[in-house]
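In what follows, a single structure is set out as structure tokens and then discussed.
The values are calculated or read from the model by the stated rules, or taken from the named source; none is laboratory data. Quantities reported herein were computed from a predicted structural model and do not represent experimental measurements. Cβ sites come from the backbone with ideal geometry, for glycine too, and all protein chains shown count toward neighbours. Surface accessibility is based on the protein's heavy atoms, side chains included, excluding ligands, DNA and RNA. Shrake-Rupley method; radii C 1.70, N 1.55, O 1.52, S 1.80 Å.
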Amino acid sequence: MLLRTFELAAGARGRTSPNPLVGAVVVRDGQVIGEGYHRRAGLPHAEVEALAAAGQAARGATLYVNLEPCCHTGKTGPCTEAIITAGIKKVVAAMADPNPLVAGRGFARLKEAGVEVATGVLEEEARRLNEAFIKFITSRKPFVILKTAMTLDGKIATVSGDSKWITGGQAREYVHRLRDSCDAVLVGIGTVLKDNPALTTRLPEGGRDPVRVILDSGARTPLEARVLNQASEAPTWIAVTEAAPAERVEALKQNGTDVIVCGPGPKVDLNYLLSELAQREIVSVLVEGGGTVNAGFTLQGLVDKIVWFIAPLIVGGREAPGPVGGSGVRSLTKAIRLTDMALKQYGSDLCVEGYPVYEGAGGGCLPV
């Protein structure tokens, strides 16, 4: 039943920020009598949807949910009170809510009202489902996913700069699903000037466009760039520094672009930017940069998850760019290692997903 709550919750991926993904199932005498999930921020929570579907049959039933029910009033009322009013006998929750406004208080309120509570079942899986929300609510920083694609010999483009397309259609569709599930997609000014991307989500069934964030310390983004067009409802935010030419910054603002000043310069302060994105309720960021941007995030310990495509191509070239630039590490003992890795295949392309482990990483400034 808890696995079913995970499945329900995942159906709203990318739609609930800054709230978590939550699914709920009401069971009576071994039969499911109501299901629900939190579809979008501001709409009824999963427990309320499931209880409404169950109706009067919920009295004396068991409620399964992947996250501790909330006990505070936000855009919607507290789920604990809805559960108590419905007459639920027992609540089985996979994990406690890390939100300080809840954090065990939901369980305490249920127990106080005589509702039996069981928790800690499939907790690791539940934490993985809401990994972005957990990072956001506990650190006030967004969850950062770095996506890159390289050839078998470690190149992201040929010596002439040709990079379309390293991966095939199935891999590219998966990337668009990542965009659909993230609150923001981020690239550097180099990508904008070279590829002029739209950074929208293009899926057969449509999709949701993330906020587009451009690292551009000198405010060099052309006003005619596709990321500044009106074809998408998603806004574009340009991260600059105080050293950026005032006339360029003003031109971007006059064009309707939101400009975020990140430090005195000449480098964009990534830590400041990530904090600012969190203030704007950006829970997850998909980084799709080149070698310089990737180095800035990975080598300074700012990436939470890596999605790394490897295409069965060999292009060679001593000067052909690789996926991570920068100064690098001087010793293999300082190399960033991945844990909890998964290997997937999309068409002829391989994809390695994992979580970086940092040793003494820090910083947060990127030379772009």
Just to verify a number: what accessible area does Arg226 come out at with the full protein assembly present, 1.4 Å probe, Å² rounded to tens? 110 Å²
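Go ahead and estimate [θ] at 222 nm for the chain from helices alone: -39,500 (n - 2.57) per DSSP H run with n ≥ 4, summed, over the residue count, rounded to 500.
Details: 11 runs with 97 residues, N = 368.
Rounded to the nearest 500, the figure is -7500 deg cm²/dmol.
Number of Lys-Lys pairs in the range 122-239 under 16 Å by Cα, sequence gap 8 or more or different chains? Could the numbers behind the result be given before it?
Details: Lys147/Lys155; Lys147/Lys164; Lys155/Lys164; Lys164/Lys194.
For the range 122-239, the number of qualifying lysine pairs is 4.
Computed FRET efficiency, Cβ-Cβ of Glu242 and Asn196, R0 25 Å: what is it to the nearest 0.05? Before the final figure, lay out each step's value.
Details: r = 27 Å, r/R0 = 1.07.
Taking R0 as 25 Å, the efficiency between Glu242 and Asn196 is 0.40.
Rounded to whole Å and sorted largest first, what semi-axes of the equivalent ellipsoid does the C-alpha gyration tensor of the chain yield via the square root of 5 times each eigenvalue?
41, 23, 19
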Given a 1.4 Å probe, how much area per residue of the chain is accessible, in Å²? 46 Å²
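Starting from the Cα gyration tensor of the range 207-274, take the square roots of the eigenvalues, sort them a ≥ b ≥ c, and report rounded, prolate or oblate (rounded when a/c is under 1.5, otherwise prolate if a/b is larger than b/c, else oblate).
Working: a/c = 2.60, a/b = 1.40, b/c = 1.86.
It is oblate, given that a/c is not under 1.5 and a/b is not larger than b/c.
Of the DSSP beta bridges with both residues in the chain, give the percent that are antiparallel, rounding to the nearest 5.
Details: 26 of 61 bridges.
Antiparallel bridges: around 45 percent, rounded to the nearest 5.
Compare Cys71, Cys351 by solvent-accessible area with a 1.4 Å probe and give them largest first, with all protein chains kept in place.
On the way: Cys71 40, Cys351 0 Å².
If we order Cys71, Cys351 from most to least accessible, we get Cys71, Cys351.
Tell me which trypsin sites (Lys or Arg not before Pro) from the range 284-336 have a DSSP coil assignment and no more than 12 other beta carbons within 10 Å of their own.
On the way: sites: Lys305, Arg318, Arg330, Lys334; in loops: Arg318, Arg330.
Passing sites in the range 284-336 are Arg318, Arg330.
Which loop trypsin sites (Lys or Arg not before Pro) in the range 194-225, with loop taken from DSSP, have no more than 15 other Cβ atoms within 10 angstrom of their Cβ?
Values: sites: Lys194, Arg202, Arg208, Arg212, Arg220; in loops: Arg202, Arg208, Arg220.
The qualifying sites are Arg202.
In whole percent, how big is the carbon plus sulfur part of the accessible area of the chain, probe 1.4 Å, protein atoms only?
Carbon and sulfur atoms account for 51 percent of the accessible area of the chain.
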Ranking by accessible area, most exposed first, for Leu193, Leu8 with a 1.4 Å probe: Leu193, Leu8
Note on the range 1-90: alpha-carbon gyration tensor, axes a ≥ b ≥ c; rule is a/c under 1.5 for rounded, else prolate if a/b larger than b/c, else oblate; result oblate
Placing each pseudo-label 7 Å from Cα in the direction of the beta carbon, Gln345 and Val117 end up separated by a distance in nanometres of 4.7 nm
